[in-house]
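The values are calculated or read from the model by the stated rules, or taken from the named source; none is laboratory data. Here the structure is a predicted model, which is why all the values come from computation and not from measurement. Glycine also receives a Cβ, built like all others from the backbone with ideal geometry; neighbour counts cover every protein chain displayed. Just so you know, the surface numbers come from the protein's heavy atoms only, side chains and all, with ligands and any DNA or RNA stripped out. Shrake-Rupley method; radii C 1.70, N 1.55, O 1.52, S 1.80 Å.
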Amino acid sequence: MSTDPAIVWHDLECGGYRVDLALWRELAAGVNGPVLDVGAGTGRVAIELARGGTPVIALDHDAVLLAECARRAQGLPVKTVLGDARTLAIDAPPLELCLVPMQTVQLLDTAGRAAFLQAARERVRAGGLLACALIGEVQPFDESASVLPAADELQLADVTYSSQPTAVRELRDGVVLERRREIRRASEHSVEDDVTYLYGLTPRELEHAAREAGFRPERSRPVSSTAEHVGATVVMLRG
């Protein structure tokens with residue numbers, strides 16, 4: 001496993017999330033042509049689908065994560081593309097399916113989201129599907145809580161990586177997720193704080209914006225919560 005910190009933190013905080021994979025496999029079953037995975041990272045979803053025989057275009061703006069995705073996907077039908085979700089500049093025929101897992105669409109502000117939806121409508125063929133996961137109900141907490149969620153930890157040789165959730169804060173226009181990242185080895189101990197901001201977005205708001213881009217909303221699909229992760233709603237948008 002790579003010891004590049006960007007890859008380690010991504011895998012530690014996102015790589016173990018598997019409860020949504022059954023839905024992505026279901027949607028990809030029988031799809032003709034490649035599936036586009038937006039925000040692919042190190043390939044959590046892309047590699048899962050490719051192992052089942054589905055060709056995947058894995059798009060991400062992070063070159064380090066995407067290079068690791070390409071390394072892990074060797075021998076599988078995965079094409080990596082370094083690019084921006086707001087433009088979806090890919091060389092591919094019209095898509096039958098475009099997936100946006102793990103609240104990636106909520107990393108975009110209103111203008112960015114509108115640009116993404118327009119780009120997706122141009123890439124998804126008539127009758128094709130765009131499926132976007134939105135964060136479910138969260139339970140706010142901070143470090144004043146008597147018990148914090150368990151830290152995610154990984155041991156690589158003599159180095160321990162630990163990612164401790166320290167707060168979930170609901171704001172008027174979004175959700176803030178805070179973690180404390182620690183790297184511990186015999187002679188060194190480093191600590192840094194990481195903050196992720198998710199723009200507030202309900203399924204109905206996304207459906208409304210998608211209609212303006214030319215999509216037709218269909219019944220959303222739920223993803224269950226787990227002990228480690230909140231649930232999600234996958235908004236289904238037909239081209």
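Here are the numbers for the structure shown:
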| item | result |
| --- | --- |
| Any chance residue 131 is touching a strand residue (DSSP E or B) at 6+ places or on another chain (Cβ under 6 Å) and in contact (Cβ under 8 Å) with a residue 40 or more places away in the chain | yes |
| Extreme residue, least open to solvent (accessible area, probe 1.4 Å), among residues of the range 201-216 that are touching a strand residue (DSSP E or B) at 6+ places or on another chain (Cβ under 6 Å) and without any contact (Cβ under 8 Å) to a residue 40 or more places away in the chain | 207 |
| Condition check for residue 138: farther than 20 Å from residue 6 by Cβ and surrounded by 14 or more Cβ atoms within 10 Å (Cβ to Cβ) | yes |
| Those strands (runs of 3 or more DSSP E) lying entirely in the range 132-239 with at least 1 residues in contact with a Pro (Cβ under 8 Å, 6 or more places away or on another chain), charged (D, E, K, R) and over 15 Å from residue 106 (Cβ atoms) | 174-185, 232-238 |
| Residue list for the range 94-126, restricted to those being open to solvent by 10 Å² or more (accessible area, probe 1.4 Å) and closer than 11 Å to residue 38 by Cβ | 102, 104, 107, 108, 123 |
| Breaking point among (1) more than 29 Å from residue 215 (Cβ to Cβ); (2) β-branched (Val, Ile, Thr); (3) open to solvent by 80 Å² or more (accessible area, probe 1.4 Å); (4) touching a residue at least 60 places away in the same chain (Cβ under 8 Å), for residue 147 | (4) |
| Residue in the range 62-83 that is buried (at least 16 other Cβ atoms within 10 Å of the Cβ), at pLDDT 95 or above and within 12 Å of the chain's Cα centre (by Cα) present | no |
| Count - residues of the range 14-36 that are open to solvent by 60 Å² or more (accessible area, probe 1.4 Å) and over 17 Å from the mean Cα position of the chain (by Cα) | 4 |
| Checklist (1) modelled with pLDDT of 95 or more; (2) under 30 Å from residue 158 (Cβ atoms); (3) open to solvent by less than 50 Å² (accessible area, probe 1.4 Å) applied to residue 90, failing item | (2) |
| Selection count, the range 154-181, where residues are within 15 Å of residue 6 (Cα to Cα) and either aromatic (Phe, Trp, Tyr) or open to solvent by 40 Å² or more (accessible area, probe 1.4 Å) (or both) | 4 |
